[in-house]
Amino acid sequence: MAKQPQTSNTPEESKNDVKAIEVSEFKDTPVMKKSSVILKRGEILIAELDDKGNEVNEFVSNQKTFDDFYSKNSKFKIKKK
């Protein structure tokens with residue numbers, strides 16, 4: 001004869017008792033932006049900065065173009081070679 005699972009004496013109480021967890025505050029977690037750009041040989045990743053110094057945009061160029069045009073402007077920096 002097969003064993004039957006044991007049941008509690010009051011099955012109605014266990015169905016209705018649901019414990020809720022109260023959370024007083026939620027904290028924002030910083031999201032790390034991953035660079036999905038794959039650089040080919042001779043390419044560099046250039047980051048464009050806003051007035052506060054935060055990176056706004058990024059794009060791919062080569063070292064000569066950066067030296068000729070972007071290096072003269074402080075809003076651009078090399079992010080990855």
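General observations
- Each residue in segment 49-59 was checked for being open to solvent by 60 Å² or more (accessible area, probe 1.4 Å) and touching a strand residue (DSSP E or B) at 6+ places or on another chain (Cβ under 9 Å), and 3 pass.
- Members of segment 56-81 found to be at pLDDT below 90 and acidic (Asp, Glu), listed by number: none
The values are calculated or read from the model by the stated rules, or taken from the named source; none is laboratory data. Small disclaimer: the values here were computed from a predicted structure and weren't measured. Every residue, glycine as well, gets a Cβ built from its backbone with ideal geometry; the counts of neighbours run over all protein chains shown. Quick note on the areas: whole protein, heavy atoms, side chains included, nothing else; ligands and nucleic acids left out. Shrake-Rupley method; radii C 1.70, N 1.55, O 1.52, S 1.80 Å.
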